[in-house]
1. Out of the stretch 118-139, which residues are within 10 Å of ALA173 (Cβ to Cβ) and among the acidic types (Asp, Glu)?
2. Do any residues in the stretch 191-209 that are over 17 Å from TYR251 (Cα atoms) and assigned by TED's automatic domain parsing to the domain that holds VAL116 have Cβ atoms under 6 Å from those of residues that are of a type in the set (Asp, Glu) and modelled with pLDDT of 95 or more, where the two are at least six apart or on different chains, and which pairs are they?
3. Could you give me the residue pairs with C-beta distances under 8 Å whose first residue belongs to the stretch 262-276 and is assigned by TED's automatic domain parsing to the domain that holds THR303 and under 11 Å from VAL306 (Cβ atoms), whose second residue is modelled with pLDDT of 95 or more and among the aromatic types (Phe, Trp, Tyr) wherever it lies, and which are 6+ apart or on separate chains?
4. Restricting to the stretch 355-372, and then to whatever is surrounded by 15 or more Cβ atoms within 10 Å (Cβ to Cβ) and in contact with a strand residue (DSSP E or B) (Cβ under 7 Å, 6 or more places away or on another chain), can you tell me which residue is farthest from SER266 (Cα to Cα)?
5. Of all residues in the stretch 198-217, how many are at pLDDT below 95 and either closer than 16 Å to PHE180 by Cβ or of a type in the set (D, E, K, R) (or both)?
6. Can you pull out the residues in the stretch 262-290 that are more than 13 Å from PHE243 (Cα to Cα) and in contact with a helix residue (DSSP H, G or I) (Cβ under 6 Å, 6 or more places away or on another chain)?
7. Does GLY377 satisfy the condition of being surrounded by 13 or more Cβ atoms within 10 Å (Cβ to Cβ), assigned to a loop (DSSP other than H, G, I, E, B) and more than 16 Å from the chain's Cα centre (by Cα)?
8. Cβ contacts < 6 Å: first residue assigned by TED's automatic domain parsing to the domain that holds CYS118 and at positive phi, restricted to the stretch 320-343; second residue acidic (Asp, Glu) and surrounded by 14 or more Cβ atoms within 10 Å (Cβ to Cβ), any location; separation 6+ or different chain. Result?
Amino acid sequence: MKITKFTCYPVLPRWLFLKLETDEGIVGWGEPVVEGRAHTVQAAVEELSYYFLGKNPMAIEDLWQTFYRAGFYRGGPEMMSAIAGIDQALWDIKGKALNAPVYELLGGSCRDRLKVYCWIGGDRPDDVAAAVAQKHAEGYSAVKMNATEELHYIDSYKKVEAVLARAAAIREAVGYDMEFGVDFHGRVHKSMAKVLAKELEAYRPMFIEEPVLSENIEALRDIACHTTVPIATGERMFSRWDFKRLLTEGYVDIIQPDLSHAGGISECRKIATMAEAFDVAVAPHCPLGPVALAACVQLDMCTPNVFIQEQSLGIHYNQGGDLLDYLKDAAPFTYHEGYILPPTAPGLGVQVDEDKLRRMAEKGHNWKNPVWRNDDGTIAEW
């Protein structure tokens, strides 16, 4: 079998789909994208096509190593996201060729079902009590919200109190029948992160996410000394080598590799196995589309230290397209009391609606994240 053709589809809300075709008629789908850099990643896929066109798609590890090591310069979000989407499509082809879900090719399932969480509150979280009550009624048992809006290096305790009020509102609305994660989103600098981490402890969140930017991970040591709340991070890390320092220093409880950013199924499988050796949980990051989520589910099913999966249905970013809009059949993402059952279809287990992709790709997108500024006019982290 040989790879004969590839096609990229940039579509709303901020996604990029990749189709790989073979001379035997088997097609694989991937989702290589960096949010806000979709066209750059598409260019990276085109550059990597030099290494995969005409090659055997079943030789996934050899192709992955070639993508990563054949170029003198390596790593980074755009290149690793391009590799990730190609890797997903290769696994999709392999599973279809062997008539098996990908997780069966990785050792088989280690669980009966997979817990998922959803988003509430938006970029500037508001009215979270009503939102969490609605999600509870829909059957979810876990949600995540952004912690705060713009936050300066040292900022007002009024903003801290607003974060605590939202946490209190969730507990008042649903008690401990639902878990909630609090995403600092890298918006918070070390000094304010210590304050928030300590004060949030009273509300017992499921985790605090990305309390500082990944380039400031040495600050996690100080933050961990101020709280017993599990610390999660990793969505802006792109390979085993990025996660190596995080795990060996021992200040994180949950890692969150993104299977569309961190080298795909192949690399994230290795990252998760590394984490297991350090007694660290995995909760893959996935605010993206259906192929990315399908790849996550395949990995999750055979990875024992995964405890929950992010998914984007109804997330505030999904303007102009949502998780199920590009699928022929939404059944793979039917949630049962907040859980996904093991997929049974071969490959990644989803059927992409290519006709709709073609139509929407004619419009395309140029999504960029907001540019925020502090009260004094300085750039704020988003």
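1. none
2. Listed pairs, sorted by first residue: MET192/ASP155.
3. Within 8 Å, the pairs are ALA275/PHE243.
4. Keep residues of the stretch 355-372 that are surrounded by 15 or more Cβ atoms within 10 Å (Cβ to Cβ), which gives 356-357, 360-361, 365, 367, 372.
Narrowing further to those that are in contact with a strand residue (DSSP E or B) (Cβ under 7 Å, 6 or more places away or on another chain): 357, 360-361, 365, 372.
Working: LEU357: 26, MET360: 30, ALA361: 28, HIS365: 29, TRP372: 36 Å.
So the residue we want is TRP372.
5. Residues that pass the stated criteria total 1.
6. Passing the criteria: GLY264, ILE265, SER266, PRO284, CYS286.
7. Numbers: surrounded by 13 or more Cβ atoms within 10 Å (Cβ to Cβ): no; assigned to a loop (DSSP other than H, G, I, E, B): yes; more than 16 Å from the chain's Cα centre (by Cα): yes.
No: the conditions fail for GLY377.
8. none
The values are calculated or read from the model by the stated rules, or taken from the named source; none is laboratory data. What you see is a predicted model; the values in this text were computed from it and never measured. Cβ sites come from the backbone with ideal geometry, for glycine too, and all protein chains shown count toward neighbours.
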